[in-house]
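Quick notes on the structure that follows.
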Amino acid sequence: MVLSELGGALSQAFQKLSRSSSIDEETVKQILKEIVSALISSDVNVQMVKALRENVLTKVTPLLESDSAIDSSGRARLIEKAVVEELVKILDPGKEPYKLKKGKCNVIMFVGLQGAGKTTTVAKYCHYYQQRKWKVAMVCADTFRAGAFDQLKQNATKIRVPFYGSYTENDPVKIAAEGVAQFRKEGYELIIVDTSGRHKQETALFAEMEEVQKAVCPDDVVFVMDSSIGQAAAAQAKAFKESVSVGSVVITKLDGHAKGGGALSAVAFTKSPIVFIGTGEHFDALEPFNASRFIGKLLGRGDTVGLLTELSEKGVLDAVGNPEMQKRMIKGEFTLRDLREQYTGILKIGSLSKMFEMIPGAGDMMKNLPKGPNGQTVDPSVALKKCLVMMDSMTAAELDGVVEMNETRAIRIIRGSGATPDEFQKLMMQHKQFEKMIGGMSKTGLLKQNESDMMKQMKRDPKQLANQLQRSLDPNMLKSMGGVDKMLDMMKSFGDMTGGGGGGGGDFSKLAKLFGQK
């Protein structure tokens, strides 16, 4: 999770507040001191942090003094709500970004510091809209940086987007005007103009940027801000805003920098909304930004709206909702082929670690994910891909459970997929766990209920639903999900938001135990 240290510190402060038996003004000031310290450590602008503290005290002090009927848990919720509102206010200027018009020509000009990841972000931006069926093109008006045109050309080729630029023309204004004119004539819906990276002290480059803007008359100017520059982001943001009409902001490199608060808070100086954040190197590592949902993820509360939107856009909900599979599951049947279909659908979302961040209450699941040699969390997508390779090495009869899996078949699958016996054993155990869970849910009648019925039951008799879940799920699986209470909380959150390895060698002796042999 981006800014995970900040999120952890804020969550700890809120937890300490909720555990307090008595909450008075002194308690509030102590908690705010911890929150202020965490924000400043993450490079959030000092003046904004000071304003946050004063605004929270202004909001909650009269309530604490006037209404003695509010118990400690109620006071804790009021204080937490006030802090969250102020955090959202820092990130949200209260101004709507430019809305692209489908079927029309939209010209978007990108500006920013050199090294901020602007040209890469242009490619990500193009890829994002191309995946959503927009007709997209790029124009390289960066004639200052050596290799800029080559980089844009390579990125455009990889994502299969047309581009315009020149090795011989040195006038960026002419290139931008000609490129936009050509793509307009060809009926492109989204034309992205990449400009030279520049520093606020480079007067000539700023004048050039203004000339490019006049030449192409963009519908929106997107300022790309590097999250790693910390407090310096504020001065740069102001300089760009004063030179060109910045309408939107993209924050880059939030996946690798713990002190991205400087860039996030500097957005206030542009008086423009953040539209995307960059969370990785790949072309699909660009996330739409919403201030309140971002703060929710930061505090471990997930982002259910974002999750459902992404699942829907990538067709995951369709993939895991196969009607024939559902009929079999209602009967308590679940084959390796069914598991393969589920994993294939889930992998469409990309990083599963990213998906867990968006699930309310999934913090315990994240803690239980395997760790790499450097202590970093290993994305479970990697393990799922290995499982798919193993299942691709199976015959139709093995996938459908027509034949019994034995040691001879297992060895053939392991060698054919380049897996290890341990990896194969884990796959088979996963299938058995899911098969047992589906069988249990079938017997208790949970699978016959639709989402609406289940939500009604949870409101009517949550204890009965909890008992059904406990009887249906494997204890180890339930434990990895944080327990039945955590699972019910996650289901409730969804209801509230939706309205209703290695090479093929290894020790094969473990396989005998798996199949009950000595």
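The values are calculated or read from the model by the stated rules, or taken from the named source; none is laboratory data. Values in this document were obtained by computation on a predicted structure and should not be read as measured data. Note: ideal-geometry Cβ built from the backbone for every residue, glycine included; neighbour counts use all protein chains shown.
For Tyr125, state whether it is within 23 Å of the chain's Cα centre (by Cα) and crowded, with 18+ Cβ neighbours inside 10 Å. Let's see the steps before the verdict.
Values: within 23 Å of the chain's Cα centre (by Cα): yes; crowded, with 18+ Cβ neighbours inside 10 Å: yes.
Yes; evaluated as a whole, the condition is true for this residue.
Taking Ser73, is it surrounded by fewer than 16 Cβ atoms within 10 Å (Cβ to Cβ), closer than 25 Å to Val250 by Cβ and not assigned by TED's automatic domain parsing to the domain that holds Asp379? Full working, then the answer.
Details: surrounded by fewer than 16 Cβ atoms within 10 Å (Cβ to Cβ): yes; closer than 25 Å to Val250 by Cβ: no; not assigned by TED's automatic domain parsing to the domain that holds Asp379: yes.
So Ser73 does not fit the description; no.
Can you name the number of the only condition in (1) under 26 Å from the mean Cα position of the chain (by Cα); (2) crowded, with 21+ Cβ neighbours inside 10 Å; (3) of a type in the set (Asp, Glu) that Asp92 fails?
Unmet condition: (2).
Out of Leu78, Leu64, Leu100, which single residue is outside the structural domain of Asp219 (by TED's automatic domain parsing) and in contact with a strand residue (DSSP E or B) (Cβ under 7 Å, 6 or more places away or on another chain)? First the steps, then the outcome.
Working: Leu78 fails: in contact with a strand residue (DSSP E or B) (Cβ under 7 Å, 6 or more places away or on another chain); Leu64 fails: in contact with a strand residue (DSSP E or B) (Cβ under 7 Å, 6 or more places away or on another chain).
Only one candidate qualifies: Leu100.
Yes/no per residue for (1) assigned by TED's automatic domain parsing to the domain that holds Gly117; (2) closer than 20 Å to Ser243 by Cβ; (3) surrounded by fewer than 17 Cβ atoms within 10 Å (Cβ to Cβ):
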site: Ala146; (1), (2), (3): yes, no, yes
site: Leu152; (1), (2), (3): yes, no, no
site: Lys158; (1), (2), (3): yes, no, yes
site: Phe163; (1), (2), (3): yes, no, no
site: Asp171; (1), (2), (3): yes, yes, yes
site: Gly179; (1), (2), (3): yes, no, no
site: Tyr188; (1), (2), (3): yes, no, no
site: Ile192; (1), (2), (3): yes, yes, no
site: Thr195; (1), (2), (3): yes, yes, no
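Taking the stretch 377-432 as the search range and keeping residues that are β-branched (Val, Ile, Thr) and closer than 13 Å to Tyr343 by Cβ, which one is surrounded by the most Cβ atoms within 10 Å (Cβ to Cβ)? First the steps, then the outcome.
From the stretch 377-432, those β-branched (Val, Ile, Thr) are 377-378, 382, 389, 395, 402-403, 408, 411, 413-414, 420; that's our starting set.
Imposing the further condition that a residue be closer than 13 Å to Tyr343 by Cβ reduces the set to 382, 389.
Working: Val382: 13, Val389: 15.
The residue in question is Val389.
Name, by its number, the condition in (1) assigned to a helix (DSSP H, G or I); (2) at pLDDT 85 or above; (3) of a type in the set (A, V, I, L, M, F, W, C) that does not hold for Val222.
Condition (1) is where Val222 drops out.
Are any residues in the stretch 216-257 buried (at least 19 other Cβ atoms within 10 Å of the Cβ) and polar (S, T, N, Q), and if so, which ones?
Ser227, Ser228, Gln236, Ser243, Ser248, Thr252
I'd like to check which strands (runs of 3 or more DSSP E) are fully inside the stretch 225-298 and have at least 3 residues that are charged (D, E, K, R). Outline the logic, then answer.
Details: elements: 246-252, 274-278, 286-288.
Filter on the stretch 225-298 gives an empty set.
If we keep just the residues of the stretch 266-288 that are among the small types (Gly, Ala, Ser) and under 11 Å from Met225 (Cβ atoms), which is surrounded by the fewest Cβ atoms within 10 Å (Cβ to Cβ)? Write out each step before concluding.
Restricting attention to the stretch 266-288, the residues satisfying the condition of being among the small types (Gly, Ala, Ser) are 266, 268, 272, 278, 280, 285.
With the extra rule that they be under 11 Å from Met225 (Cβ atoms), the set shrinks to 266, 272, 278.
Values: Ala266: 27, Ser272: 24, Gly278: 26.
For the stretch 266-288, the residue satisfying everything is Ser272.
Can you confirm whether Gln213 is modelled with pLDDT of 85 or more, in a helix (DSSP H, G or I) and surrounded by fewer than 24 Cβ atoms within 10 Å (Cβ to Cβ)?
Numbers: modelled with pLDDT of 85 or more: yes; in a helix (DSSP H, G or I): yes; surrounded by fewer than 24 Cβ atoms within 10 Å (Cβ to Cβ): yes.
Considered against the rule, which asks whether it is modelled with pLDDT of 85 or more, in a helix (DSSP H, G or I) and surrounded by fewer than 24 Cβ atoms within 10 Å (Cβ to Cβ), Gln213 comes out as yes.
So, in the stretch 51-70, how many residues would count as being exposed (fewer than 13 other Cβ atoms within 10 Å of the Cβ) and either in contact with a Phe, Trp or Tyr (Cβ under 6 Å, 6 or more places away or on another chain) or assigned to a helix (DSSP H, G or I) (or both)? Lay out the reasoning, then the answer.
Just the residues of the stretch 51-70 that are exposed (fewer than 13 other Cβ atoms within 10 Å of the Cβ), to begin with: 54, 58, 62, 65-69.
Now narrow it down to the ones that are either in contact with a Phe, Trp or Tyr (Cβ under 6 Å, 6 or more places away or on another chain) or assigned to a helix (DSSP H, G or I) (or both): 54, 58, 62, 65-66.
Of the residues in the stretch 51-70, 5 are exposed (fewer than 13 other Cβ atoms within 10 Å of the Cβ) and either in contact with a Phe, Trp or Tyr (Cβ under 6 Å, 6 or more places away or on another chain) or assigned to a helix (DSSP H, G or I) (or both).
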